[in-house]
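Student: Have a look at the structure that comes next, please.
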């Protein structure tokens with residue numbers, strides 16, 4: 001069963017926070033200018049990005065290493081852990097805590113094909 005208690009759920013990220021985390025997950029570690037380069041257009045201003053990075057650090061998602069007056073940031077939360085949490089919350093809130101209901105939804109909406117379903121079945125069989 002796919003159960004996550006409310007005490008285990010990490011804070012949900014705002015859209016721009018999530019974009020910055022995506023950049024850091026990709027880059028592994030980065031200075032503000034490098035983060036901005038990875039963000040979609042329109043690119044935010046340096047100070048705006050620095051403020052959001054500070055918020056992410058306060059939330060415990062990232063940390064930094066100082067190089068003189070510059071800071072290099074790196075994620076403390078893995079992309080996989082964040083995916084598990086966000087997906088767990090979606091399954092819990094919108095699919096009655098049923099991964100099967102989620103897969104059925106994708107099948108009905110034609111967002112998943114037979115080959116992909118067969119791949120899911122193989123993954124499940126191999127994990128047992």
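Every read-out reported here was derived from the displayed coordinates using simple, explicitly stated rules and does not represent laboratory data. This is a predicted model, so every value here is computed, not measured. Reconstructed Cβ throughout: ideal geometry from the backbone, glycine too, with neighbour counts over all protein chains shown.
Student: May I ask you to derive the FRET efficiency for residue 116 and residue 29 from their Cβ-Cβ distance with R0 = 41 Å, giving the value to the nearest 0.05?
Tutor: Result of the calculation: an efficiency of 0.75.
Student: Note down the nm distance, to one decimal, between modelled labels 7 Å out along Cα→Cβ at residue 50 and at residue 81.
Tutor: About 2.8 nm, to one decimal.
Student: At 10 °C and 1.306 mPa s, what whole-number value in µm²/s does Stokes-Einstein give for the translational diffusion of the chain, with Rh from the Kirkwood sum over Cα pairs?
Tutor: 94
Student: Give me the number: length gained by fully extending residue 109 to residue 97, i.e. 0.36 nm times residue separation minus the C-alpha to C-alpha distance, one decimal in nm.
Tutor: Extending this stretch completely gives an extra 2.4 nm.
Student: Go ahead and estimate [θ] at 222 nm for the chain from helices alone: -39,500 (n - 2.57) per DSSP H run with n ≥ 4, summed, over the residue count, rounded to 500. Walk me through the intermediate numbers first.
Tutor: Numbers: 6 runs with 72 residues, N = 128.
The helix-only estimate for the chain comes to -17500 deg cm²/dmol at 222 nm.
Student: Follow-up question, since we're still on this one. Please label the shape of the stretch 79-126 as rounded, prolate or oblate, based on the square roots a ≥ b ≥ c of the eigenvalues of the alpha-carbon gyration tensor (a/c under 1.5 means rounded; beyond that, a/b larger than b/c means prolate, else oblate).
Tutor: oblate
Student: Let me ask something else about it. Quick one: compute the contact order of the stretch 32-78, relative version, from alpha carbon pairs under 8 angstrom and 6+ residues apart, as a percent.
Tutor: Working: 36 pairs, mean separation 13.3, N = 47.
For the stretch 32-78, the relative contact order is 28 percent.
Student: Pairs of alpha-carbon atoms within less than 8 angstrom and 6+ residues apart define the contacts here; what relative contact order does the chain have, in percent?
Tutor: In percent, rounded to a whole number, it is 27.
Student: Here's a follow-up. Can you tell which of 100, 56, 13 shows the greatest fluctuation in a Gaussian network model of the chain with Cα springs below 10 Å?
Tutor: Highest fluctuation among the options: 100.
Student: Just to be sure I understand: with springs between alpha-carbon atoms less than 10 Å apart, which residue in 61, 71, 106 has the highest mean-square fluctuation in the Gaussian network model of the chain?
Tutor: Evaluated over the chain, the most mobile residue of the options is 106.
Student: Please report the spacing between the Cα centers of the stretch 59-78 and the stretch 79-114 in Å, no decimals.
Tutor: 31
Student: Turning to a different aspect of this structure: Which residue, 60, 68, 88, tops the fluctuation ranking in a GNM of the chain built on C-alpha contacts under 10 Å?
Tutor: 68
Student: I need the calculated FRET efficiency for the pair residue 64 and residue 15, taking r as the beta carbon distance and R₀ as 25 Å, to the nearest 0.05.
Tutor: FRET efficiency, residue 64 to residue 15: 0.65.
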